[in-house]
Amino acid sequence: LKTKRLDLSKCRNLKGDGIIFCLKSMPNIERLSVSNATRFHITNNFRDSSLMAAIKHLQQVDVSGCTKLNTQDISCLASTLSGSNIRVLDFSGCSTLINDDALLSVAEHCHNLESVDVSGSTKLTAF
């Protein structure tokens with residue numbers, strides 16, 4: 001498929017394995033939104049090397065309002081995106097989930113970032 005944008009916003013029963021299937025099936029995806037997918041969380045399958053190859057065009061990821069994400073999930077996502085063309089990450093609305101460790105992991109792995117939205121993050125202290 002030549003799909004470049006995938007919007008799964010508000011898909012309340014969406015889980016990580018479903019997104020992995022979509023990303024592997026649509027290797028031209030540039031923008032992925034799972035905003036307000038309240039049950040979405042990162043699974044260990046996000047570390048799959050075939051997924052890393054499938055996201056080579058991915059530039060923007062929006063997980064805003066995904067209230068199940070935690071620091072470990074965000075670190076796993078950042079690690080998976082390492083070496084990709086990711087330019088924009090949106091973590092807004094995850095205010096109780098984003099802490100210094102999570103943002104440090106993003107900074108260490110996502111070197112091409114132009115924008116990171118962590119608005120409303122109440123646990124950030126060092127940035």
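The values are calculated or read from the model by the stated rules, or taken from the named source; none is laboratory data. Predicted model only: the values in this text are computed from it and were never measured. A quick note on method: Cβ atoms are made from the backbone with ideal geometry, for glycine too, and the neighbour counts reach across all protein chains shown. Keep in mind that these areas ignore ligands, DNA and RNA; they rest on the heavy atoms of the full protein, side chains included. Shrake-Rupley method; radii C 1.70, N 1.55, O 1.52, S 1.80 Å.
How far apart, in nm, are the 7 Å Cα→Cβ label points at K2 and D48?
If labels sit at K2 and D48, their model points lie 2.6 nm apart.
So, counting K/R as plus one and D/E as minus one, what does the shell of residues with Cβ under 12 Å around T96 add up to? The partial results should precede the final answer.
Values: positive: K68, K123; negative: none.
Net charge around T96: +2.
Kindly provide the trypsin sites (Lys or Arg not before Pro) of region 49-93 that DSSP labels as loop, not H, G, I, E or B, and whose Cβ sees at most 12 other Cβ atoms within 10 Å. If you can, show how the numbers build up before the last one.
Values: sites: K56, K68, R87; in loops: K56, K68, R87.
Those that pass, being in a loop and sparsely packed, are K56.
Determine, from the Cβ-Cβ distance of K123 and S82 and an R0 of 30 Å, the FRET efficiency 1/(1 + (r/R0)^6), rounded to the nearest 0.05.
It comes to 0.85.
What percent of all Cα-Cα pairs in region 63-121 falls in each 5 Å bin, counting up from 0?
Taking every Cα pair in region 63-121, the percentages come to 4, 22, 34, 27, 11, 1.
Anyone know which of C94, C22, C76 comes out most mobile in the 10 Å Cα GNM of the chain?
Greatest mean-square fluctuation among the candidates belongs to C22.
Which value, in Å² and to the nearest 10, is the accessible area of S115 when all protein chains are kept and the probe is 1.4 Å?
50 Å²
The chain: percent of C-alpha pairs farther apart than 26 Å?
Details: 855 of 8001 pairs.
Roughly 11 percent, once rounded to a whole number.
List the lysines whose Cα lies under 16 Å from the Cα of K2, skipping any in the same chain that are fewer than 8 positions away.
The qualifying lysines are K24, K56.
For the chain, which whole percent of the accessible surface, found with a 1.4 angstrom probe, sits on carbon and sulfur atoms?
On the way: 3150 of 6650 Å².
Reported share for carbon and sulfur atoms: 47 percent.
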